[in-house]
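First comes the structure, then the notes that go with it.
The values are calculated or read from the model by the stated rules, or taken from the named source; none is laboratory data. Model, not experiment: these values are computed from the prediction. For neighbour counting, all protein chains shown are included, and Cβ atoms are generated from backbone atoms with ideal geometry for every residue, glycine included.
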Amino acid sequence: MSFNYDELLTVTFTLFAVIDILGSIPLLISLKSKMGVIHELRATIISGALMILFLLVGEKFLSILGLDVRSFAVGGSIVIFILGLEMVLGIEFFKGDEDAKSGTVVPIAFPLIAGSGTLTTIISLKANYSTVNVLLAILLNLVLVYFVLRSLDRIAKFIGPNGLLAVRKFFGVILLAIAVKIFATNAAGLIK
């Protein structure tokens with residue numbers, strides 16, 4: 001299979017919806033205020049590397065570890081659920097670290113940007129679309145991710161503290177709902 005413009009659009013928008021970088025803005029702003037700084041380029045490169053690695057060897061890697069895609073999705077859903085609880089309840093589970101590198105990797109690059117939903121979606125897309133189109137879609141989404149990460153301060157100023165609090169609570173509930181859906185969809189197949 002080779003490059004196909006229609007496939008590229010379909011895969012790009014599918015990944016855009018799953019990555020949901022726009023919906024993650026309130027959480028990213030909150031994490032940035034705790035950590036002091038987010039290394040935008042590092043977060044983008046690490047999440048991109050995870051996505052591309054999963055595109056190329058994801059299923060084989062999980063099977064070597066004795067895991068399946070469902071187990072991976074359930075684990076990621078728990079992390080997303082905890083982040084959603086933090087946003088809604090204002091309880092701090094993720095502690096700020098003196099070294100922003102660690103926060104840039106977890107939870108920003110993984111699981112927020114390249115989470116279980118994104119990685120399992122990439123495996124599913126690879127089964128239906130050309131690898132070239134999936135790879136290009138990943139790269140296009142990474143450009144948007146980098147732009148959003150670079151613009152967090154401007155977005156926070158535009159929304160303001162009260163607006164940010166309201167948006168943060170709202171998207172916290174959305175994250176909780178996404179986590180529950182991912183968990184419910186995948187957990188049933190794990191219990192035998």
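Here are some notes:
Residue by residue, here is whether (1) under 18 Å from SER116 (Cα atoms); (2) touching a Lys or Arg at 6+ places or on another chain (Cβ under 9 Å); (3) crowded, with 20+ Cβ neighbours inside 10 Å; (4) not hydroxyl-bearing (Ser, Thr, Tyr) holds:
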residue	(1), (2), (3), (4)
SER2	no, no, no, no
PHE13	yes, no, no, yes
ALA17	yes, no, no, yes
ASP20	yes, no, no, yes
ILE29	no, yes, no, yes
ARG42	no, yes, no, yes
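- SER63 being at pLDDT below 80, out of contact with any Asp or Glu (no Cβ under 9 Å at 6 or more places or on another chain) and more than 20 Å from ILE138 (Cβ to Cβ): no
- Pairs linking a residue in region 170-192 that is in contact (Cβ under 8 Å) with a residue 60 or more places away in the chain to a residue that is among the charged types (D, E, K, R) and surrounded by 12 or more Cβ atoms within 10 Å (Cβ to Cβ), with Cβ atoms under 7 Å and 6 or more positions apart or on different chains, are ASN186/ARG70; GLY189/ARG70; LEU190/ARG70.
- Within region 53-68, the set of residues being surrounded by fewer than 18 Cβ atoms within 10 Å (Cβ to Cβ), of a type in the set (A, V, I, L, M) and within 18 Å of THR121 (Cα to Cα) comprises LEU53, LEU56, VAL57, LEU67.
- Some residue of region 28-38 being under 13 Å from the mean Cα position of the chain (by Cα) and part of a helix (DSSP H, G or I): yes
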